[in-house]
Amino acid sequence: MTESTASSPDIDALLHARYGAAAPELTEPGLRESTTLAGLLRHHTVRSFTDAPVTDETITALVTAAQSAASSSNLQLWSVVEVRDAATRRALVDEVGTSTFVADAPVILLFVADWSRASAIAAAQGESDAAADYLESTLVAFVDAALAAQNAVIAAESFGLGTCYLGSVRNNPERAAELIGLPDRAMVAFGLAVGYPDPADTAGVKPRLAPGVVHSRERYAPITDADVATYDTEIAAYHASQGRPTGWSRAVIRRVRDAAGLNGRDRMRAWLTGRGLPSI
């Protein structure tokens, strides 16, 4: 069975918007008619929202979508804290260092890498939780949170909502934890701003690397200078349309060159240890 509607999506146009000249050709009817694929290809980050309320029931629907994501060994090592309070949203900006628009976004969902629940279950039965100290355990919780959040994003966009991931909550994870009362062995992994997109927002579909750059068959294929040059040109053109004509490779270099590119997050291991996740 294929997923389709009376009016099939223009997959060719959506692929071109995402990849430009590098757009792959999809010819199979089931692929071309997929409204799910079309929705994913339309994804773009939203940082400007209307005043339209996001209902409690809508957030509940997003949580059910998030909980329907895969979870390693069904441990469900994540939680989400919904933040609507204006003072808390303001503190996320002023004291945690998130983007300024967070203070105006209708809803902030803080996704938590959460071993506290599993540790509490073990403690209730007189068992140790020593394995939560290990790096693998930290990774599993963060991966679980990310999988859940992406399900929520897909659902949100199907409801006409816009979203923006907020890695900036890790600029001060200790303060973020204090603001929402996190217990030991739990840490905010990232946030998600949720609301109805401002129709005046000019953000569009951001180009991505050509599929062939990230997709290898059987053995890993490294990126080439030509790949970098092509994408630099495409992303610079998109950024210029948004009033900031910058490329891609220099941003990558700034991020990877030294600890300064981490914007203070080089202290992450100490922060994790402080949250009860030493990641040994």
Checklist entry - What base-10 log of the normalised intensity I(q)/I(0) is obtained for the chain from the Debye formula, alpha carbons as equal point scatterers, at q = 0.11, 0.14, 0.16 Å⁻¹? => result -0.78, -1.24, -1.47
Checklist entry - Taking the Cα-to-Cβ direction at ASP10 and at ARG90 and moving 7 Å from each Cα, how far apart do the two end points lie in nm? => result 4.6
Next on the checklist: Tell me the net charge near ALA61. Cut-off is 14 Å between Cβ atoms, ALA61 excluded, with +1 for each Lys or Arg and -1 for each Asp or Glu.
Outcome noted: -4
Next on the checklist: Run the numbers for ILE280 and ARG257: contour at 0.36 nm per residue of separation, minus the present Cα-Cα distance, in nm.
Outcome noted: 5.7 nm
Item to check | Within-11-Å neighbourhood charge of TRP271 [Cβ basis; K, R +1; D, E -1] | outcome: +4
Checklist entry - log₁₀ I(q)/I(0) of the range 24-150 at q = 0.11, 0.17 Å⁻¹, via Debye over equal Cα point scatterers, no solvent, to two decimals? => result -0.58, -1.07
Checklist entry - If you take the Cα atoms of the range 128-280, find Rg, then find the Kirkwood Rh from the mean of 1/r over all pairs, what is Rg/Rh? => result 1.01
Checklist entry - Can you give the helix-only mean residue ellipticity at 222 nm for the chain, where every DSSP H stretch with n ≥ 4 adds -39500 (n - 2.57) and the sum goes over all residues, rounded to the nearest 500 deg cm²/dmol? => result -12000 deg cm²/dmol
Checklist outcome for this item: Taking R0 as 35 Å and r as the Cβ-Cβ distance between GLU28 and LEU147, the FRET efficiency 1/(1 + (r/R0)^6), rounded to the nearest 0.05, comes to 0.85
Next on the checklist: Limiting things to C-alpha atoms, what are the Rg and the maximum Cα-Cα separation (Dmax) for the range 79-125, in angstroms?
Outcome noted: 14.4, 44
Next on the checklist: Whole percent per 5 Å bin, from 0 to the bin with the longest distance: what is P(r) over all C-alpha pairs of the range 161-248?
Outcome noted: 3, 10, 14, 12, 14, 14, 14, 11, 7, 1
Checklist entry - Near the amide H of ARG42, under 5 Å away, which other amide H atoms are found, from residues 5 or more places off or on another chain, if H is placed in the peptide plane? => result none
Checklist entry - What list of ³J(HN,Hα) couplings, whole Hz, do you get for the range 98-114 from phi and the Karplus terms 6.51, -1.76, 1.60, once you set θ to phi - 60° and write x for glycine and proline? => result 6, 4, 4, 5, 4, 5, 9, 5, x, 9, 10, 9, 9, 8, 10, 6, 10
Checklist outcome for this item: Treating every alpha carbon of the range 91-177 as one equal point scatterer without solvent, the Debye formula yields log10 I(q)/I(0) values at q = 0.10, 0.11 Å⁻¹ of -0.35, -0.42
Checklist entry - On full extension of the chain, what length is gained from ASP104 through ASP56, given 0.36 nm per residue of separation minus the C-alpha to C-alpha distance? => result 15.5 nm
Checklist entry - Quick one: net charge of SER48's neighbours, Cβ under 12 Å, K/R +1, D/E -1? => result -3
Next on the checklist: Given Cβ point charges of +1 (Lys, Arg) and -1 (Asp, Glu) and nothing else, what value in debye, to the nearest 20, does the dipole of the range 141-280 about its Cα centre take?
Outcome noted: 420
Checklist entry - Got a sec? Charge dipole of the chain, +1 on Cβ for Lys and Arg, -1 for Asp and Glu; which of ALA61, ILE154, ALA193 is way out at the positive end? => result ALA193
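Only the coordinates and a few stated rules stand behind these numbers; no lab work does. Given the structure is predicted, the values throughout are model-derived calculations rather than measurements. Backbone-built Cβ (ideal geometry, glycine too); neighbour counts: all protein chains shown.
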